[in-house]
1. So, in the stretch 97-150, of the ones that are open to solvent by less than 70 Å² (accessible area, probe 1.4 Å), part of a helix (DSSP H, G or I) and not hydrophobic (A, V, I, L, M, F, W, C), which residue ends up nearest to the ligand (Cβ to nearest atom)?
2. Go through the stretch 2-53 and give me each residue that's in a helix (DSSP H, G or I), under 21 Å from Val163 (Cβ atoms), of a type in the set (A, V, I, L, M, F, W, C) and at pLDDT below 95.
3. Search the stretch 30-45 for residues that are without any contact (Cβ under 8 Å) to a residue 60 or more places away in the chain and of a type in the set (A, V, I, L, M, F, W, C) and pair each with any residue that is within 8 Å of the ligand (Cβ to nearest atom) and not in a loop (DSSP other than H, G, I, E, B) when their beta-carbon atoms are under 6 Å apart and the residues are at least 6 apart or on different chains.
4. Being within 15 Å of the ligand (Cβ to nearest atom) and of a type in the set (S, T, N, Q) is the filter; apply it to the stretch 7-48 and report the residue that is least open to solvent (accessible area, probe 1.4 Å).
5. Looking at the structure I just gave you, is Tyr199 within 21 Å of the chain's Cα centre (by Cα) and open to solvent by 40 Å² or more (accessible area, probe 1.4 Å)?
6. Mind checking which residues of the stretch 108-149 are closer than 22 Å to Ile40 by Cα and of a type in the set (Asp, Glu)?
7. Determine whether Gly155 is of a type outside the set (A, V, I, L, M, F, W, C), at pLDDT 95 or above and open to solvent by less than 50 Å² (accessible area, probe 1.4 Å).
Amino acid sequence: MFMKDVLGADLQNFLKSLLPERDLLLTEMEKYAQENHVSIVEPEVGQLLSLLIKITRPKNVLEIGTAIGYSTIWMARALEIGSQITTIELLPGRYKQALKNFQKAGLHDKIKSINGDAREILPNLQENYDFIFLDAAKGQYPEFFKLTPQILKPGGLLVFDNVLINGWVIDLKFPERRKKTMVYRMRNFLEELKNNKDYLTSIIPLGDGVLLCWKKGEENE
Ligand SMILES: C[S@@+](CC[C@H](N)C(=O)[O-])C[C@H]1O[C@@H](n2cnc3c(N)ncnc32)[C@H](O)[C@@H]1O
């Protein structure tokens, strides 16, 4: 009853109907995710990620929250030759499954997969990224946001999925008390971004809400 679509079901189904057909690998992964209750991006968000990668032409992409590698494959397929994606997953089982999917997709040379807690891995990363996709535990988004300035290049894009959390962040109505901290934390995070002078931000109400944060630089303020 409290699980509601951010967009109405009619609009969401219409937008889905306008997507090009996915190949067998992606459709099998969608089926697997649904049957095994693995949360992955909606295909329309996969398409948006692919478009953003094409427009921004990043050399070095970081993803936090691989799951079985569905969004990773959408992004990796859009990368230019010579560009790379690093993706981090906490759960060993999902990490191993994602590796198999990257092999099947023939993308293993473009993707570096890391198994571990991104909160521990991020401070030790030696590289800089021009595109970071955050799709891990929603309650940890403010923490991840604080960890990214050191590794996101000026002019780089930070993309968060699920920032409207089933629409609960909009009206602060949610099914269980134990969701309260996560929902309020996300609401505060979004409100604080309004006054953040380091980023230009926009929320696209696609899927469960996609937040785009473009990092300003000295020459592009
Ligand atoms: C929503 S799923 C990711 C879906 C994936 N991006 C896709 O669309 O195909 C979130 C994943 O983040 C992982 N995760 C949660 N907290 C994490 C952390 N601190 N570090 C790394 N991975 C984490 C979870 O195990 C889960 O598989």
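1. The residue in question is Gln140.
2. If we filter the stretch 2-53 for residues that are in a helix (DSSP H, G or I), which is where we start, we get 9-17, 24-35, 43-53.
Still in the list and also under 21 Å from Val163 (Cβ atoms): 9, 11-12, 15-16, 33, 43-53.
Still in the list and also of a type in the set (A, V, I, L, M, F, W, C): 9, 11, 15, 33, 45, 48-49, 51-53.
Matches in the stretch 2-53: Ala9, Leu11, Leu15.
3. Qualifying pairs under 6 Å: Ile40/Ala33; Ile40/Tyr70.
4. Thr27
5. On the way: within 21 Å of the chain's Cα centre (by Cα): yes; open to solvent by 40 Å² or more (accessible area, probe 1.4 Å): no.
No, not satisfied.
6. Asp117, Asp135, Glu143 - these are the residues of the stretch 108-149 that are closer than 22 Å to Ile40 by Cα and of a type in the set (Asp, Glu).
7. Taking the combined requirement at face value, the residue satisfies it.
The values are calculated or read from the model by the stated rules, or taken from the named source; none is laboratory data. Keep in mind it's a predicted model, so treat the numbers as computed, not measured. We place every Cβ from the backbone using ideal geometry, glycine too, and count neighbours over all the protein chains shown. Side chains included, ligands, DNA and RNA excluded: accessible areas come from the protein's heavy atoms. Shrake-Rupley method; radii C 1.70, N 1.55, O 1.52, S 1.80 Å.
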